[in-house]
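The values are calculated or read from the model by the stated rules, or taken from the named source; none is laboratory data. This is a predicted model, so every value here is computed, not measured. Please note: Cβ atoms are built from the backbone with ideal geometry, for glycine as well, and neighbour counts cover all protein chains shown. We work out accessible area using only protein heavy atoms, side chains counted, and drop any ligands, DNA or RNA first. Shrake-Rupley method; radii C 1.70, N 1.55, O 1.52, S 1.80 Å.
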Amino acid sequence: MITLKKREEIELMRIAGRVTAEVLEIMREAVRPGISTGELDCLAEEHIRANNGIPAFKNYRPASNMTPFPGTICASINDEVVHGIPKQSRILEEGDIISVDVGAYVNGWCGDAACTYPVGTISPERMALLKATEESLNRAIAAAIAGNTLGDIGQAVESYVVPLGYGVVRDYTGHGIGKKMHEAPQIPNYGKAGQGMTLKAGMTIAIEPMITARGEAVRTGSNGWTVLTVDGSDAAHFERTVAILEDGPEVMTKWQSFL
Ligand code: MG
């Protein structure tokens, strides 16, 4: 069921969105060669709890046969697409790219956002992938207008990145968000303009293109969580929580990109 949010509920979601976005501002400063993904995770959890929030991913367990997710952030490096588990033993190296995905509940409402950062100096190919993925997110947000459809959002991503030679991960999607992190509808990063559900004012959604340098196929790693590209190619992931309002989309997780 899709819940349309009232004005005062949107106001509460702005607070959750702000705390979530602040974590990514902290990550932008913290990501560097030599830091571990476990340290990044501690910084994120400290900030959320200091703002009376609850890490949304920690202990998240979408199915009874899965182990609860142990981290506050998902830290996904290079060919890892999403859901990487942060660890003290996983040290970032010069030239890596790392997606940090974070969610927080504040006053019972959820924010969700992700950014893929360069670690030190990265190759031009990796930088191009990051830029294209963020641009695809910006285009998708611009399409998140009442009266448009889910297909318009997906098409905005797909029609931009595929001609560049990149792959769109199809096995994972964005999602509605509100009192729960994952609400209906799913927000695919592919589609046809004008098709699918019509968007309405009051919908709040997390749009999150996951884009690969080559093939689109993904697999789940041996820890049961980390999603990797099958062909070992790099992946990037950007996400923002967006409210569809009468006068257009409002980004509720306003972190500033490094780009
Ligand atoms: Mg999400």
Q. Take the residues of region 66-77 that are surrounded by fewer than 24 Cβ atoms within 10 Å (Cβ to Cβ) and under 23 Å from Val230 (Cα atoms): which is nearest to the ligand (Cβ to nearest atom)?
A. Phe69
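Could you run through region 86-105 and say how many residues are within 16 Å of the ligand (Cβ to nearest atom) and open to solvent by 40 Å² or more (accessible area, probe 1.4 Å)?
Residues in region 86-105 being within 16 Å of the ligand (Cβ to nearest atom) and open to solvent by 40 Å² or more (accessible area, probe 1.4 Å): 1 in total.
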Q. Scanning region 107-120 for residues that are open to solvent by less than 20 Å² (accessible area, probe 1.4 Å) and either more than 16 Å from the ligand (Cβ to nearest atom) or part of a loop (DSSP other than H, G, I, E, B) (or both), which turns out nearest to Thr133 (Cα to Cα)?
A. Tyr117
Q | Enumeration of residues in region 121-136 that are touching a strand residue (DSSP E or B) at 6+ places or on another chain (Cβ under 9 Å), surrounded by fewer than 22 Cβ atoms within 10 Å (Cβ to Cβ) and aliphatic (A, V, I, L, M) | A | Ile122, Met127, Ala132
Q.
Tell me the residue from Ile187, Ile211 that is more than 25 Å from Val119 (Cα to Cα), open to solvent by less than 50 Å² (accessible area, probe 1.4 Å) and touching a residue at least 12 places away in the same chain (Cβ under 8 Å), please.
A. Ile187
Q: Note down all Cβ pairs under 6 Å where the first residue falls in region 132-156 and is modelled with pLDDT of 95 or more, the second is open to solvent by 20 Å² or more (accessible area, probe 1.4 Å) and of a type in the set (Val, Ile, Thr), and they're at least six residues apart or on different chains.
A: Thr149/Thr198
Q) How many of the residues in region 121-133 are aliphatic (A, V, I, L, M) and either within 16 Å of the ligand (Cβ to nearest atom) or in contact with a Leu (Cβ under 6 Å, 6 or more places away or on another chain) (or both)? A) 1
(Q) Being more than 16 Å from the ligand (Cβ to nearest atom), surrounded by 24 or more Cβ atoms within 10 Å (Cβ to Cβ) and more than 27 Å from Glu11 (Cα to Cα) is true for just one of Tyr160, Tyr166. Which residue is that? (A) Tyr166
